[in-house]
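Inspection log for the structure reproduced underneath, given as structure tokens.
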């Protein structure tokens, strides 16, 4: 299987090179034979990378330790789900997995556009294959995932214990889906620039791809936060780590694009800006891949140091040079037909929203690369920690949530003073009332009070939009409230699905603010029968017990959870001792409610004295983050689900023109 996998990636690389040449030459010469050959190369590329992935997976499942990758990232006792996850657990496997996802997306794009966008498709195919060829070139010439050892070890080194968690099975795939799918809008943007067809067609074609990418980037970041929360034992979920930042930056620019593209569709404005955002989002995914695989930064999330960094920088430079060169060439065709008429308009709110999102992205980018730049220039590595990011981004985040409340209800072009009063008097009242309530309840932190007020304002504006639309349908159609609401959403899925997404994002924001500002932390040594109070809860240590299997030894502490003299349940924090490699890890235990998480860590246990040292955190409202993520999923599904009109148009487009019956 190793030889089959190796042959598949070599042939895939050669097929990709042929497909690039055939597509570009075919597009320039309008040679349908070459264009078709490029399309067939895309399908072959997908099939060959699929064969390579299956080969590596089979080697992992067969525990073939003669293959260096298998020996480095698995063992004979590794559970099945983590053996499968080892496919993307190492650098070589993750590059192959990335390429396979891209090849699959390429095949899907070919199928979707086999009867449309025919002028652009040769260049779309060439761009997608060029990106895939770059990744395969690394696997062919630099870091072979099927490399064999001169001997066969009796046992593998095993997957890093920190990766042996259920989030390992869904977080990296989600993030890769988000990263890789940014290539599709980028490819269509390049094709639009090459062909000069710079209207809305390429935007409409890639709308769902852009939303798909944003969706999985959102999930990837949330899953990563949840993983850090339950695995690292520090009570937090986001540390502004360079690799976390690498996943966050393209999410910010993708969010900006999804908002600003509506202005182009509605008002024929911001064409250049939208092109820049598409290019920037794709470039940031490549930059993030560079960070995790170059060894230039230290991170718990990054792969081992390697020599791949220069190759990623060269590819990124080439991609930027070509795309920006095409953009400057086509600037005369990208002039906007309309201009911003008033700062009191939805266009202005969306534009300010974009500037804030890109401002946050730049702040995160600068804070991430500054230590590296300072070391290169001065030889001294200056650390940029969470205080810098929090201090700069907290006010910007509050402003962003405020604009989430303004954008949906303010009028296009120009809003009158009367319409502003009518639209905002209720939401402003909700925001002020929430701020006063927070102050009376003892929330003395200024930022928290402002954040809660702005969040209430944003939720109230969204709620008023749903209420107003539902009431209009009830009056016009005589429908019941639930029927009116469901049909209102169904008639305009994109708009109201976006509002649901806003609710989810605001819930995540509230969870971040509350858990960051009002967190309680206690460290205490306890013997059996002793208790410690944390907020309104009491934790009583009941003792420890041990479990073990062929893979890991586990020591669990049992603590009962009490509130107002009533036992609620128990928590079981763990210390795990893995045999390969011999490395201890911490498994936290959490008693979770809507109001707060009681987060318990077993720091150590002294068998002689029977004393356990526990670190306990009380994280208020953190469950709002995870519920907000679920709401975000619902909103995205609503946005992406085709409307009746779209399904009808798609079905009609599949019917040959000669077979349609005139009416």
* Structure fact -> Residue separation between residue 373 and residue 114 times 0.36 nm, minus their alpha-carbon distance, gives in nm 88.6 nm
* To do: Take the Cα atoms of the stretch 1-110, build their convex hull, and give its volume per residue in Å³.
  => 84 Å³
* Asked: How do the peptides 461-471, 495-505, 331-341 rank, highest first, by the average count of neighbouring beta carbon atoms within 10 Å per residue?
  -> 495-505, 461-471, 331-341
* **Gained length - residue 335 relative to residue 471, 0.36 nm times residue gap less alpha-carbon distance** => 44.9 nm
* To do: Return one quarter of the surface area of the convex hull spanned by the alpha-carbon atoms of the stretch 85-203, equal to its mean projected area, in nm².
  => 9.5 nm²
* Going highest first, how would you order 55-66, 524-535 by mean Cβ packing within 10 Å? -> 55-66, 524-535
* Cα pair count fraction exceeding 18 Å, expressed as % - the stretch 479-625 -> 66 percent
* Rounded to the nearest 500, what is the chain's calculated 222 nm mean residue ellipticity when only DSSP H runs of at least 4 contribute -39500 (n - 2.57) each, over all residues? -> -21500 deg cm²/dmol
* **Cβ-Cβ FRET estimate between residue 563 and residue 432, R0 fixed at 25 Å, reported to 0.05** => 0.15
* What is the extension gain from residue 324 to residue 491, computed as 0.36 nm multiplied by their sequence separation minus the C-alpha to C-alpha distance, in nm to one decimal? -> 56.3 nm
* Please list the radius of gyration and Dmax for the stretch 397-534, considering alpha-carbon atoms only, with Å as the unit. => 19.9, 69
* To do: Rank by packing, highest mean first: peptides 20-30, 140-150, with packing defined as the count of other Cβ atoms within 10 Å averaged across residues.
  => 20-30, 140-150
* Structure fact -> At 4 °C in a medium of viscosity 1.567 mPa s, the chain has a Stokes-Einstein diffusion coefficient, with Rh taken as the Kirkwood radius over alpha carbon pairs, in µm² per second, of 47 µm²/s
* Asked: Nearest 0.05, what FRET efficiency do residue 62 and residue 425 give at R0 = 60 Å with Cβ-Cβ as r?
  -> 0.30
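No lab work stands behind these numbers, since they all come straight from the coordinates. This one's a predicted model, so the numbers in the text were calculated from it and none came from an experiment. Backbone-built Cβ (ideal geometry, glycine too); neighbour counts: all protein chains shown.
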